[in-house]
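**Student:** Pasting a structure below so you can have a look.
The values are calculated or read from the model by the stated rules, or taken from the named source; none is laboratory data. This one's a predicted model, so the numbers in the text were calculated from it and none came from an experiment. When we count neighbours, we look across all protein chains shown, and the Cβ atoms used for this are built from the backbone with ideal geometry, even at glycine. For the accessible areas, the whole protein counts, side chains as well, though only heavy atoms, and no ligand, DNA or RNA atoms are used. Shrake-Rupley method; radii C 1.70, N 1.55, O 1.52, S 1.80 Å.
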Amino acid sequence: MRFRGWMITSRQDGSAAEWKELALAELPEGDVLVRVQATGLNYKDALAMTGRGKVVRAFPMVPGIDLAGIVAESRSPRWRPGDRVLLTGWGAGEAHWGGFAEYARVRAEWLTPLPAGFTPERAMTAGTAGFTAMLAVMALEDAGVTPERGEIAVTGAGGGVGGFAIALLAALGYAVTAVTRREALAPYLRSLGARAVIPPAALGDPQKPLQSERWAGAVDAVGGGTLAALLAATAYRGCVAACGLAGSAGLPGTVFPFILRGVRLTGIDSVYCPQPLREKAWPRLAALVPATAWEEIGEAAPLEEALTRSEALLRGEARGRTVFRIGSANP
Ligand SMILES: NC(=O)c1ccc[n+]([C@@H]2O[C@H](COP(=O)([O-])OP(=O)(O)OC[C@H]3O[C@@H](n4cnc5c(N)ncnc54)[C@H](OP(=O)(O)O)[C@@H]3O)[C@@H](O)[C@H]2O)c1
């Protein structure tokens, strides 16, 4: 049986992504065959599609770090044909063929049940970005950062992680300040629940070891000087969840926020997040994000547009999340 999908191949001058016909027999080893109904575009997917960054670890590769769909065949007792599942991370789209195709063959233990009442399209509107935002919010809760403690900053607010972090925190009653380089996104960010929208420069001088205590906590998708400035302005026993490096992989700054204010810096990894935590985070995400936010954050597009959408995302023009519907069966 033949189906369509994106394939990245290695070339002398880098790599190239091509929309092509594939055969089920070409799919890699795995005990579960999933008919993919939706996938989404992540920062990592955009790097893989355009050949920037060393995301792909084996060629040829079907990209797509996320997928949601229906089990078509299973050799595992965990899943039966017809089960509704989702997958994020575990090396899909990097080391193992991923979600940018109509079928994927994966390992049973990588799959998470689709929460009740959730559609594949919503799951992929969230995708790795929304899941990461949920993990970051849960990390702030674990660190004792309650809504009464004060403002939470969310950086890279115009992106996928940022948008979901704002919607989730606002739904839980936190006062959220969105940090964006794009002033024009203010109405969108307010519609997601941000009470204030500020430019990165308003975070203060990243070279100052300490600033006045402003943030009870933060969700950071940007890294570098942005992360340093957040840490320097985090209040006593506050917590910053570091999720990304959209601006820089650097971590400039001093230890003063840690040793003088007991500030915590917590790392968020969605890729190898253990399954029990996934099964807590996904239903919570599905229940918390208000209906209006799904519509605001997600934009549906055909999977054939994945390359042009990737280029726009890396130019910093994308807003929220692009979700790709696959096939017609999307209940
Ligand atoms: N830890 C994990 O498991 C995990 C999971 C998912 C994503 N991530 C990482 O988290 C980051 C965000 O992911 P995403 O899916 O939200 O990506 P995204 O949709 O592309 O959003 C990133 C946002 O960061 C800001 N940004 C982009 N380039 C920047 C630059 N050069 N300097 C400063 N800000 C910049 C932009 O927001 P504004 O235009 O609003 O400023 C952009 O919308 C990425 O680095 C991604 O790799 C990590």
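**Student:** For Y188, indicate whether it is buried (at least 21 other Cβ atoms within 10 Å of the Cβ), more than 16 Å from the ligand (Cβ to nearest atom) and hydroxyl-bearing (S, T, Y).
**Tutor:** Answer is no for this residue.
**Student:** Okay, moving on. If you check S310 against the conditions, is it under 20 Å from M134 (Cβ atoms), touching a residue at least 40 places away in the same chain (Cβ under 8 Å), polar (S, T, N, Q) and within 11 Å of the ligand (Cβ to nearest atom)?
**Tutor:** no
**Student:** Just the residues that are assigned to a loop (DSSP other than H, G, I, E, B) and open to solvent by 20 Å² or more (accessible area, probe 1.4 Å), please, taken from region 101-113.
**Tutor:** Result: E102, R107.
**Student:** Working carefully through the options A165, A139, find the one that is within 30 Å of R214 (Cα to Cα) and either within 14 Å of the chain's Cα centre (by Cα) or among the basic types (K, R) (or both).
**Tutor:** Criteria check complete, one pass: A165.
**Student:** Okay, moving on. Condition first: part of a strand (DSSP E or B) and over 16 Å from L303 (Cα atoms). Now tell me which residues in region 63-100 satisfy that.
**Tutor:** I70, V71, A72, E73, S74, R84, V85, L86, L87, T88, A92, H96
**Student:** Taking into account only those residues within region 228-247 that are under 18 Å from the mean Cα position of the chain (by Cα) and of a type outside the set (G, A, S), which is surrounded by the fewest Cβ atoms within 10 Å (Cβ to Cβ)?
**Tutor:** L245
**Student:** Between a residue in region 101-112 that is under 22 Å from A306 (Cα atoms) and any residue that is buried (at least 24 other Cβ atoms within 10 Å of the Cβ) and modelled with pLDDT under 95, which pairs come within a Cβ distance under 9 Å, given they are 6 or more apart or on different chains?
**Tutor:** Partner pairs satisfying both residue conditions: A101/I326; E102/I326.
**Student:** Going through region 270-287 one residue at a time, which ones are in contact (Cβ under 8 Å) with a residue 12 or more places away in the chain and assigned to a loop (DSSP other than H, G, I, E, B)?
**Tutor:** Scanning region 270-287 gives S270, V271, Y272, C273.
**Student:** Please work out which residue is modelled with the lowest pLDDT, limiting yourself to region 307-318 and to residues that are in contact with a helix residue (DSSP H, G or I) (Cβ under 7 Å, 6 or more places away or on another chain) and surrounded by fewer than 23 Cβ atoms within 10 Å (Cβ to Cβ).
**Tutor:** Checked region 307-318; the qualifying residue modelled with the lowest pLDDT is A318.
**Student:** Which of (1) part of a helix (DSSP H, G or I); (2) within 16 Å of the ligand (Cβ to nearest atom) does F324 not meet, given it meets every other one?
**Tutor:** (1)
**Student:** What's the number of the condition G225 fails, among (1) within 13 Å of the ligand (Cβ to nearest atom); (2) in contact with a strand residue (DSSP E or B) (Cβ under 6 Å, 6 or more places away or on another chain)?
**Tutor:** (2)
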